[in-house]
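Working notes, structure below.
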Amino acid sequence: MNNLLMEVENEIAVVTINRPKSLNALNSETLAELNQCFCEIETRKDIKVVILTGSGEKSFVAGADISEMVNATAAEGRTMGLLAYNAFGKLENMPQVTIAAVNGFALGGGCEISMACDIRIASENAKFGQPEVGLGTLPGFGGTQRLPRLVGKGRAKELIFTCDMIDAQEAYRIGLANKVVPLAELIDYCKKMATKIISKGSYAISLAKSAINTGLDVDLSSGLKLEADLFGLSFATADKKEGMSAFLEKRQAKLTDF
Ligand code: DAK
């Protein structure tokens, strides 16, 4: 991979988008590599949490690569959009828990890839925004769909229509960031959260993730039905037997299903 770094330790993968000279902007090659990386991760049982971050101390991802897009045709734009659609879809729906460690600018496609993660932890210097309409286009990597689902229709429209950049505290206030931490503590904070998540039932978490993601795309009744089905499915696992037995026997549960 030319544009990504990946380290796996203690069942946590840290994936770093590594194009610091262009503030980690997403070009087609990087999108293809992300897709390949996420395809691999979703089949790996030795990875339970993915932390996605950007190289350097200034930027998470400063958007799609404008130098590549400037002369692209409509067909090339669509190809790029589909690359991101596939990669971000994999990221959003993989059984692993995904945490965006937002270490600076998360603009356009950068804000959008962070929103395809389950959780966003922002450093104090992080800045979020969707500047696309100022470039004569619109969010094309999921921003018009995921942003309103996260912060509500009114706030999403304001951010997209004004191109305003918001800081980490404002992102936290509106629910775009789960937490704000000092930059120097960002990765450690995410790893601690990952370790806590890994100590729970990973298979049960993957079922809960599936229920939340699918449930938000269907009517309430269908979502509740799906939840009931997945709840039932969890009763077929060794983890459910172990988790409940451990509680009754007043001991620590050893949950291993994934
Ligand atoms: N693409 C390419 N290069 C970028 C870049 C980007 N998005 N962002 C920054 N860079 C490059 C700069 O050109 C500069 O390169 P050199 O001049 O050194 O060669 C280097 O990174 C450092 O940037 P600056 O010198 O500008 O640094 P500053 O600290 O002054 O400013 C900044 C930082 C993040 C505020 C600024 O760089 C900036 O505004 N960047 C652009 C942010 C942006 O507009 N991002 C959104 C891109 S649009 C689709 C259609 C469209 C899209 C998706 C799909 N389909 C058709 C499906 C659009 C998506 C987007 O994300």
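Nothing in this text is a laboratory measurement; each read-out follows from the coordinates by a stated rule. Only a predicted model underlies this, so the values are computations on that prediction, with no experimental measurement involved. Note: ideal-geometry Cβ built from the backbone for every residue, glycine included; neighbour counts use all protein chains shown.
Before moving on, here are some points about what is shown:
- For segment 71-95 and segment 133-170, distance of Cα centres in Å: 18
- Longest site-free stretch - the chain; sites: trypsin sites (Lys or Arg not before Pro), DSSP loop, at most 11 other Cβ within 10 Å: 46-249
- Choice from Asp239, Asp229, Asp164 with maximal GNM fluctuation in the chain (Cα, 10 Å cutoff): Asp229
- C-alpha long axis of helix 28-43 to longest principal axis of the chain, angle in °: 0
- Estimated Rh, segment 20-159: Kirkwood, alpha-carbon pairs, angstrom: 15.1
- Size descriptor for segment 126-218, Kirkwood hydrodynamic radius: 15.4 Å (Cα pairs only, one decimal).
- Computed over segment 39-150: relative contact order in percent, which uses C-alpha pairs under 8 Å that are six or more apart: 30
- Nearest 10 degrees, 0 to 90: helix 220-234 Cα axis against the chain principal axis: 50
- Short-range pairs are left out: with C-alpha atoms under 8 Å and at least six residues apart, the relative contact order of the chain is 15 percent.
- For the chain, built as a Gaussian network whose Cα springs stay under 10 Å, the top-fluctuating residue of Leu183, Leu138, Leu233: Leu233
- When each of Lys58/Lys90; Lys90/Lys192; Lys200/Lys240; Lys45/Lys200; Lys58/Lys127 is checked by Cα-Cα distance, pairs over 18 Å: Lys58/Lys90; Lys90/Lys192
- By the beta-carbon count within 10 Å of each Cβ, the least crowded to most crowded order of Cys111, Cys190, Cys39, Cys117, fewest first, is Cys39, Cys117, Cys190, Cys111.
- Within a Gaussian network of the chain (alpha carbon springs, distance under 10 Å), most fluctuating of Leu31, Leu230, Leu159: Leu230
- Per-selection Kirkwood Rh - segment 99-258 (Cα, Å, 1 d.p.): 17.6
- Sparse-neighbour loop sites [GluC sites (Glu not before Pro); segment 16-82; at most 16 other C-beta within 10 Å; DSSP]: Glu57
- Amide H contacts under 5 Å for Gly54: Ile17, Asn103, restricted to partners 5 or more places along the chain or on a different chain, H placed in the peptide plane at 1.01 Å from N.
- For the chain, the 222 nm mean residue ellipticity estimated from helices alone, with every DSSP H stretch of n ≥ 4 adding -39500 (n - 2.57) and the total spread over all residues, rounds to -15000 deg cm²/dmol.
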